[in-house]
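The values are calculated or read from the model by the stated rules, or taken from the named source; none is laboratory data. All figures in this text were calculated on a predicted structure; none of them were measured in a lab. For neighbour counting, all protein chains shown are included, and Cβ atoms are generated from backbone atoms with ideal geometry for every residue, glycine included.
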Amino acid sequence: MYLAIIICSIVSLFMILMGYLIWAKKKLFLIAGYNEETFVGNKEKLARTMGIFSICTGILSFILPFALEYIGSFTGIIFAIIIVLGTIVTGIYVNMLNRK
């Protein structure tokens, strides 16, 4: 239990830090697949979207071991579904931002 909390805490802190750097500091080079020359959309919305997604993923990663311990193993399935659906929705939205 303690190892899971430590690992998830480290991962969540990393994700929250990356979200902060992308959203607040506009470090867009941290986004996988981002290319300054080919992106023609709104960079402000891209930074906000990816930053918020990363921060939400970090928060969910922090909550995961506690939910698994106190609620049950089905929360892992719910966590996976939320992350996968969030990734799909975010990917579609970011691709829509790249259009002029």
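Just one of (1) in a helix (DSSP H, G or I); (2) surrounded by 11 or more Cβ atoms within 10 Å (Cβ to Cβ) fails for Leu3. It is (2).
For the stretch 65-100, give me each residue that is among the hydrophobic types (A, V, I, L, M, F, W, C), in contact with a Gly (Cβ under 7 Å, 6 or more places away or on another chain) and under 26 Å from Thr49 (Cα atoms).
Leu97
Please determine whether any residue of the stretch 78-85 is more than 15 Å from the chain's Cα centre (by Cα), surrounded by 11 or more Cβ atoms within 10 Å (Cβ to Cβ) and on the phi < 0 side of the Ramachandran plot. Within the stretch 78-85, one or more residues are more than 15 Å from the chain's Cα centre (by Cα), surrounded by 11 or more Cβ atoms within 10 Å (Cβ to Cβ) and on the phi < 0 side of the Ramachandran plot. Taken over the stretch 34-75, the criterion of being at negative phi, outside any helix (DSSP H, G or I) and either at pLDDT 95 or above or exposed (fewer than 13 other Cβ atoms within 10 Å of the Cβ) (or both) is satisfied by Asn35, Glu36, Glu37, Thr38, Val40, Ile71, Ser73.
Taking Ala67, is it among the hydrophobic types (A, V, I, L, M, F, W, C) and in contact (Cβ under 8 Å) with a residue 12 or more places away in the chain?
Details: among the hydrophobic types (A, V, I, L, M, F, W, C): yes; in contact (Cβ under 8 Å) with a residue 12 or more places away in the chain: yes.
For Ala67, the condition - among the hydrophobic types (A, V, I, L, M, F, W, C) and in contact (Cβ under 8 Å) with a residue 12 or more places away in the chain - is met.
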